[in-house]
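Structure first, commentary second.
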Amino acid sequence: MTTNQLIYLIEGTGWTLLLALTGFLGGGVLGLMIALMRVSRVTSLRWLSYLYVQLVQGIPLPVLMFLSFFGLAVAGFNIPAFVAAAVSMTIFAAAYLGEIWRGSIEAVPKTQWEAGESLGLTDFQQMRDIILPQAIRLSIPPTIGFMVQIIKNTSYSVVIGFIELTQAGKIINNAIYKPFLIFTLVGAIYFSLCSPLSRLSRRLEARLRSRGA
Amino acid sequence: MTVVPTMAPDGPIVAFNDVHKRYGAIDVLKGITFSVRRGEVVCIIGRSGSGKSTALRCINGLERIQAGELTVCGKDISAASRSELRRVRQDVGIVFQSYNLFPHLTVSENIMLAPRRVKGMDRATARTVAEEVLAKVGLADKFDAYPEQLSGGQQQRVAIARALAMQPQLMLFDEVTSALDPELKGEVLRVMEDLAAGGMTMILVTHEMAFARHVADTVIFMHQGRIHETGPGDVLLAPQTPELQQFVANGL
């Protein structure tokens with residue numbers, strides 16, 4: 001394995017991280033909207049967001065990738081593989097983050113809403129000043145845990161030919177045919193990205209539990 | 001604190017008129033009628049499931065009634081919109097059994113939140129108000145503490161202070177000492193006695209019979225969704241109905 005090939009892998013790792021970050025940020029924004037819609041007083045919003053979550057959670061990520069990349073191309077939008085992958089990751093992450101955060105919002109006792117309501121606060125003020133700050137605290141461990149899923153799932157973008165870590169490994173392997181070496185290396189890189197996040201998530205969860213929050 | 005009445009001060013501040021409340025098929029309130037004057041202290045007593053907490057929670061609109069009329073601070077809240085209800089809630093403080101302080105905020109932030117957000121009070125004024133109400137419940141030194149650092153009795157006193165900071169015309173207390181051990185009950189009851197002595201209009205759902213007898217102007221005994229017996233505090237010494245006799249006998 002040459003230095004150039006190693007650099008190629010590291011570049012692929014960079015793209016993996018960028019894709020994961022984009023998916024997390026995009027999915028975060030959309031996911032927050034989904035979470036708020038899921039707990040909304042408005043029936044149609046609840047219904048719409050529920051449908052979204054069910055739909056996305058029922059479709060494999062590679063299929064989402066195919067749809068964004070080839071589907072949109074057929075419809076006349078020629079988009080780069082990175083954009084298609086990022087859009088897919090966003091759609092995917094939003095559905096799961098939305099559910100994680102809905103759970104966190106609902107885990108804040110109903111009596112907290114009542115206390116805020118009784119003081120004359122509006123729904124928006126109750127959400128912003130009372131519920132969300134507590135929900136965010138509860139949501140941090142599962143959210144970090146889900147970032148691991150996002151990082152690993154970026155590898156599905158091989159199906160649309162985006163050159164991230166897995167695809168880079170595949171390309172190098174096609175040149176030198178040392179699959180065991182290369183994919184061990186690729187696996188080790190994924191592991192070194194994901195493992196600290198997993199451990200952080202578990203530590204935060206333990207701390208939250210010990211505080212009795 | 002000055003209370004500016006929004007209506008004729010001699011009219012009742014709360015008036016139930018044949019109020020009904022159902023949860024599904026269960027009739028919780030089967031037509032209750034009573035009224036509360038300004039400055040009056042009313043204790044509602046009764047077994048669990050008698051509808052006493054529900055009646056209390058109707059007063060600030062946490063529970064909506066299905067039939068009858070309910071007037072609070074001069075406003076018919078049975079038909080009130082959400083924004084009208086919010087307006088009424090500014091005048092009606094409530095304290096809950098489980099304190100319901102906001103755990104992510106300090107004591108002073110708990111108290112200042114509503115005056116600032118709802119009344120638009122500036123930070124300095126809200127701070128002064130917070131200091132005042134905390135002194136009133138004897139917790140001036142807990143200004144920057146978090147709720148989890150306080151005992152149950154202290155948390156409940158902060159909850160009272162938080163409600164007082166809105167300068168309500170009426171205070172509701174929903175079994176506020178039921179979660180406290182006897183030692184801590186006393187400090188909360190004393191704060192409530194002080195409030196009553198200061199002329200605050202108070203409606204309490206309580207199991208504290210001694211408190212009801214000595215502090216209440218009126219005791220209302222609820223039984224199976226109805227007002228079964230009512231009278232001055234001494235009614236507890238000489239109940240007229242067998243149900244209240246039995247309730248009092250079991251309670252002492």
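Remarks
- For chain B: span of alpha carbons on each principal axis (Å, largest first): 53, 42, 36
- Ascending count of other beta-carbon atoms within 10 Å, so fewest first, for B:227, B:32: B:227, B:32
- Fraction of alpha-carbon pairs over 31 Å apart in the protein assembly as shown - percent: 55
- The value of relative contact order for the range A:1-106, using C-alpha pairs under 8 Å at least six residues apart, is 45 percent.
- The packing ranking of peptides A:183-192, B:114-123, highest mean first, is B:114-123, A:183-192, where packing means the average number of other beta carbon atoms within 10 angstrom of each residue.
- In the elastic network of chain A, a GNM with C-alpha springs shorter than 10 Å, the most mobile of A:161, A:145, A:28 is A:161.
- Only Cα sites of the range B:67-122 enter the Debye sum here, all with the same form factor; the resulting log10 I(q)/I(0) across q = 0.14, 0.16, 0.25 1/Å is -0.52, -0.65, -1.06, listed in q order.
- Among the trypsin sites (Lys or Arg not before Pro) in the range A:29-61, those located in a DSSP loop and surrounded by at most 14 other Cβ atoms within 10 Å of their own Cβ are A:41.
- Taking other C-beta atoms within 10 angstrom as a stand-in for reagent exposure, A:48, A:132 fall in the order A:48, A:132, fewest first.
- Inter-chain Cβ neighbour average for residues B:163-175, partner chain, 10 Å: 1
- Charge-dipole axis of the range A:3-208 as Lys and Arg at +1 and Asp and Glu at -1 on Cβ define it, positive-most pick from A:146, A:111, A:132: A:146
- Tail fraction, Cα-Cα pairs, chain A, threshold 20 Å, whole percent: 64
- Value of D in µm² per second that Stokes-Einstein yields for the range A:101-213, Kirkwood Rh from Cα pairs, at 25 °C (0.890 mPa s): 143
- Net dipole in debye of chain B [+1 Lys, Arg Cβ; -1 Asp, Glu Cβ; about Cα centre; nearest 20]: 760
- Across the range A:133-149, coupling constants 3J(HN,Hα) worked out from phi with the 6.51/-1.76/1.60 Karplus curve, θ = phi - 60°, read x, 6, 5, 4, 4, 5, 8, 4, x, x, 5, 5, x, 6, 4, 4, 4 Hz, and Gly and Pro carry x.
- P(r) weight above 23 Å for the range A:14-99, C-alpha pairs, percent: 26
- Using a cut-off of 31 Å between Cα atoms, the listed pairs B:30/B:75; B:30/B:119; B:75/B:185; A:110/B:30 include B:30/B:119; B:75/B:185 as exceeding that distance.
- Kyte-Doolittle mean at least -1.0 and Cα axial length at least 15 Å: DSSP H helices in chain B: B:107-117, B:123-136, B:152-164, B:182-197
- Size of charge dipole - the range A:3-208 - debye, nearest 20, with Cβ of Lys, Arg +1 and Asp, Glu -1, no other charges: 360
- Once both labels are positioned 7 Å from their Cα atoms along Cα-to-Cβ, the gap between residue B:18 and residue A:78 label points is 7.8 nm.
- Put the Cα centre of the range A:10-77 next to the Cα centre of the range A:98-160 and the gap is 17 Å.
- As a proxy for reagent exposure, A:117, B:148 were ordered by neighbouring Cβ count within 10 angstrom, fewest first; the result is B:148, A:117.
- Residue-averaged beta-carbon neighbours from other chains (10 angstrom radius) around A:119-127: 6
- Average other protein chain Cβ within 10 Å of Cβ, residues B:93-102: 4
- Summed over qualifying helices (DSSP H, 4 residues or more, each -39500 (n - 2.57)) and divided by its residue number, the protein assembly as shown shows a 222 nm mean residue ellipticity of -17500 deg cm²/dmol.
- The range B:75-141 and the range B:179-205 have their alpha-carbon centroids 18 Å apart.
Read-outs: derived from the displayed coordinates by stated rules, not from any lab. Treat the numbers as computed from the prediction; the structure is a model and nothing was measured. Please note: Cβ atoms are built from the backbone with ideal geometry, for glycine as well, and neighbour counts cover all protein chains shown.
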